[in-house]
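FYI, it's all coordinate maths here, none of it is from the lab. All values derive from a computational prediction rather than experimental measurement. No Cβ is skipped: glycine too gets one built from the backbone with ideal geometry, and neighbour counts run over all protein chains shown.
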Amino acid sequence: MPTTATALPPSVTPEVGRGGLPVLRVATPAVTAELALQGAHLTAWTPAGQERVLWTSQHSAFAPRQPIRGGIPVCFPWFGPGPTAEAGLHGFARTTPWRVTAASETLDGVQLTLTLTDAEVADRAAWPHPFTASLQLSIGQSLGVALAVTNTGPAPVTYAQALHTYLAVGDVRQVQVHGLADLPYLDRLGPGAQPPASEPLRIGGETDRIYPQPGTIQVADPVLGRMITVTSTGSADAVVWNPWVAKAAAMADFGDAEWPELLCVETANVLDHAITLEPGATATMAARYDVTPTP
Ligand code: TA6
């Protein structure tokens, strides 16, 4: 079990989680959360008085080097299929254990920093570049997640990234997504580049779209009576995804009847917006999630 490289505040407890994966459990009067060290993967975040805000499949694998289906997968250093046939979907960061390198608690909640370097990645053949990545989380009534990547090598390096956030919703067919109007988007289901659609976006089928990052996206959920606001910085793309019926049924780690329970709103730099870092440079991409009750 990877140990934490730093002392933990009383509200953060290391435990053996599902499938034997080491996790940190966060519990304060304001919030509960769970983070798997594998992938620095936040698998649960529930502000006091709210329903869970992050969705995780009841059928997810929890096993070494297996992706966790739900929460906030940290997709790095690529998004989607890898550079080689052997390279897993969405990069190696999400299936590699990270180290806890800082932990503290304030009135606003718990702050955690986890770190990953190239030396700790078992198989870097698909992307053999020196790097240091850190994920800073601020876990309270709101959630802040920041992914900083430093090029520790002697040559420029290019990577793609996403905070692939699975938001829990009451029924995806009834949510309205605001903030994407007037934006052309890439429909990844085949049609390709599309003109702006009307506001708000409603989900009526399998949806897999990349929008030029608008900055703030709001998911209005009439079933759970809340609005989730996603505010991103340092990202040029937003990905919106729901597998709908057929794709959910085709995924072994996704329950056939789970697809109405979630909508992925992902903060990303992908495709033409991949990041190129000069030696020694650092780039940070961050997202903040706020939950407000709605009448
Ligand atoms: O971001 C959308 C997407 O690329 C979909 O095409 C689908 O492959 C999904 O990600 C899978 O994400 P996950 O992180 O759960 O493996």
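Ratio of alpha-carbon Rg to the 2.2 N^0.38 Å globular estimate for the range 1-114, to two decimals, please.
1.09
What are the semi-axes of the equivalent ellipsoid for the range 82-153, taken as the square roots of 5 times the Cα gyration tensor eigenvalues, largest first, in whole Å?
Semi-axes from the Cα gyration tensor: 28, 13, 9 Å.
Considering the range 137-265, what Rg and Dmax in Å follow from its alpha-carbon atoms?
Calculated on Cα positions, Rg and Dmax stand at 16.0, 52 Å.
Give me log10 I(q)/I(0) at q = 0.10 Å⁻¹ for the range 29-188, Debye formula, one equal scatterer per alpha-carbon, no solvent.
At q = 0.10 Å⁻¹ the computed log10 ratios are -0.41.
222 nm [θ] for the chain, helices only, -39500 (n - 2.57) per DSSP H run of 4+, per residue, to 500?
After summing the helix terms and dividing by the residues of the chain, the value is -500 deg cm²/dmol.
GNM, the chain, Cα, under 10 Å: largest mean-square fluctuation among 50, 194, 111?
In the Gaussian network model the winner is 194.
Take the alpha carbon gyration tensor of the range 8-63, find the square roots of its eigenvalues, order them as a ≥ b ≥ c, and report rounded if a/c is under 1.5; if not, report prolate when a/b exceeds b/c, else oblate.
Oblate is the answer for the range 8-63, as a/c is 1.5 or above yet b/c matches or exceeds a/b.
Give me a comma-separated list of calculated 3J(HN,Hα) values for the range 89-104, in order, Karplus coefficients 6.51, -1.76, 1.60 applied at θ = phi - 60°, integers in Hz, x for any Gly or Pro.
Whole-Hz 3J(HN,Hα) from phi for the range 89-104: 4, 6, x, 8, 4, 7, 10, 10, x, 9, 9, 7, 10, 7, 8, 7.
Within 10 Å, count the other beta carbons around each residue, average over each peptide in 209-216, 259-266, 21-28, 119-126, and list them highest first.
Highest to lowest by the protection proxy: 259-266, 21-28, 209-216, 119-126.
Hey, fewest Cβ within 10 Å first, where do 13, 96 land in order?
13, 96
Å³ per residue of the Cα convex hull, for the chain?
126 Å³
Can you give me the relative contact order of the chain as a percent, contacts being Cα pairs under 8 Å and 6 or more apart?
Normalised by residue count, the contact order of the chain is 17 percent.
Under the rule a/c < 1.5 gives rounded, and otherwise a/b versus b/c splits prolate from oblate, where does the range 178-244 land using the Cα gyration tensor?
Judged from the Cα gyration tensor, the range 178-244 comes out oblate (a/c at least 1.5, b/c at or above a/b).
Tell me, what are the semi-axes, in whole angstrom and largest first, of the equivalent ellipsoid of the range 255-295 as set by the roots of 5 times the Cα gyration tensor eigenvalues?
33, 17, 8
Using the eigenvalues of the Cα gyration tensor, what equivalent ellipsoid semi-axes result for the range 32-99 when each is taken as the square root of five times the eigenvalue, whole Å, largest first?
24, 11, 10
Give the whole-number value, in cubic angstrom per residue, of the convex hull volume spanned by the C-alpha atoms of the range 109-206.
It comes to 182 Å³ per residue, whole-number rounded.
Cut-off is 10 Å between beta-carbons; in what order do 112, 189 appear when sorted fewest neighbours first?
Final ranking by Cβ density, sparse to dense: 189, 112.
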